[in-house]
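Note sheet for the following structure.
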Amino acid sequence: MTATYAHQQGARACPKGDSELPLRLAALVRTIFPTKTVANVMAEFGVSETTAKNIKRGQYWPCGRVLSAMLASKHGYLILSEIMGDAAEPDWWTVFRRAKRLADAEARLEALRLDIEDLAERHPVRGVSLHDKTAGDGRPLVEGTGGTVRA
């Protein structure tokens, strides 16, 4: 199947070698929205049913407005990663991916910290505090992220 670029005046074939990208993008969209793909694409990206069906099939490359909406969505990073693919990485993409991984790790760490605080408040362990350096019985404590844990 040859993918085409969608234009208001009609569709024309993708340049040679470009036809794989719409198919990869379609596979990603079907992974993001495994059920009711067309309805979810319409709602998430604000596109018509016809455009959503074309994106799902990988038959057309989305126009600039649609691609912009896709990148601006909560799935934008996944979509951009798929577009970038395995090509030689420019410096800006390497820096961006590293910053994204760091932000994701910090978010996971914050979620864990909140879980630890929640557990400590709802299920306190007698003689152990998240902020104290001793357990009250003389045994050593090992300091961990956001608090202390008995060694």
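FYI, it's all coordinate maths here, none of it is from the lab. Only a predicted model underlies this, so the values are computations on that prediction, with no experimental measurement involved. Ideal geometry is used to build each Cβ from the backbone, glycine not excepted, and the neighbour counts take in all protein chains shown.
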Legend entry - For Trp61, residues with placed amide H under 5 Å, excluding near neighbours: Thr4, Tyr5, Ala6
Inset, instruction - Compute the distance in nm between two label points, each set 7 Å from the Cα along the Cα-to-Cβ direction, one at Ala107 and one at Trp92. - result: 2.2 nm
Inset, instruction - Multiply the residue separation of Arg57 and Ala43 by 0.36 nm, subtract the distance between their alpha-carbon atoms, and state the gained length in nm to one decimal. - result: 3.3 nm
Legend entry - Length gained when the stretch Tyr77-Leu119 is fully extended (0.36 nm per residue, less Cα-Cα span): 11.9 nm
